[in-house]
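First comes the structure, then the notes that go with it.
Nothing in this text is a laboratory measurement; each read-out follows from the coordinates by a stated rule. If you're wondering where the values come from, they're calculated on a predicted model, not measured in any experiment. Glycine gets a Cβ as well: all are built from the backbone with ideal geometry, and neighbour counts include every protein chain shown.
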Amino acid sequence: MPRRKTKNLTGLKRLKGIGKSVHQAWIGFVCLKCKNMNVFPVGLSMLSPQETYEGAQWKCSKCNFVHSKAYDLPFSTWPKEFIKSDSIKAQRFWQAFFRISTEHAESYWKQCNTCERILPFRAFDKHKGWGPLERQMECRSCKGAINAKLNPKRTKQQLFESSVKRRVADLLLKGVNQSIDIKELFRKFGRKCFKTGKVLDIKKRSTWAIDHILPSKWLYPLTTENAALLSREANNNKRDKWPNEYYTNNELIDLARITGADLSLLASKTPIINPNINVDLCVSRYLQVRERSNLKKRINELKQLLGSYKLTGKLSSKNKKLLGYR
């Protein structure tokens, strides 16, 4: 199945060699001798703190001082018993030095594929399954500019409302979603990502995902007929898009054949709210909150979603009164 070509709708040039390299992790450290900031790539996996301590030799790009457990510490004001490389004190320092830079994903750096800056972990938003750090390709600054281009008419409030809509829809469907037989799903899709054709390993859970073919945003629960096998990256690209927005016509036909889904529904050019949703049951389930939950906020979010989907008319008179409708 051919994959649609990615279109650059922003006009922004991206880092050359885009691909796996854009997801690689970088080490960032301050030279102990001259205090120069150093960064260098380490590939598509994070380093082992212990192995790094045992064998690393990180050379400063400015003063050439080598950061290694085999070297004395360059602190002229410290007593010799602390700076000699064969001392326990110095070795404890080196162990912590390398651990600080390698122990957690938050310790690493990443290169933005748009502005090309090498920035700390926190400068990128989360994108599960993308590289060892699971961060987006663009830094948050560039992402802000890109979103302004792609969503010029969407205000901050509208973007917030969209995210709320997805979250509330997921909560409304809690308890309706079916348990998916993973082995059967892999068998049905030939152990391949339906979108890209990439072979997937059932044991590597971080590399694949179960796609809501008809998104939960439009109040469709996860069922055997509404589940597709995608790679993590393909699933992140689809997100809550309506099937016709993401899949080609031939892919929609194949998808309907594989899953038994309604092809006319998949092929619809505009999203269709699930006509079989039991609104009253969803309301009862959604209002089952914990004691510390913000009940007023939850009611307002629910009313907002019901109103935007024009579902208030499907509420029983009892629930209309409960939610404050006149």
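Below, the figures for the structure above:
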| read-out | value |
| --- | --- |
| FRET E, pair Leu295, Asn177, Förster distance 25 Å, beta-carbon r, rounded to 0.05 | 0.55 |
| Asn64 paired with Ser48, simple spin-label distance in nm, labels 7 Å along Cα-to-beta-carbon | 3.2 |
| Neighbour net charge for Asn36 - beta-carbon separation under 14 angstrom, K R +1, D E -1 | +4 |
| Prolate/oblate/rounded label for segment 252-326 (Cα gyration tensor, a/c 1.5) | prolate |
| FRET efficiency, Val39 to Ala148 (Cβ-Cβ, R0 35 Å, nearest 0.05) | 0.80 |
| Extended-chain gain in nm, criterion 0.36 nm per residue less alpha-carbon gap, Lys320 and Gln91 | 75.5 nm |
| Unit charges at the beta carbon, dipole of segment 213-326: most positive-side option, Gly307, Thr270, Asn237 | Gly307 |
| Prolate/oblate/rounded label for segment 279-322 (Cα gyration tensor, a/c 1.5) | prolate |
| Förster radius 51 Å - calculated FRET efficiency between Lys188 and Ser21 (Cβ-Cβ, nearest 0.05) | 0.90 |
| Loop-resident sites, segment 213-318, for chymotrypsin sites (Phe, Trp or Tyr not before Pro), counting at most 10 other Cβ within 10 Å (DSSP) | none |
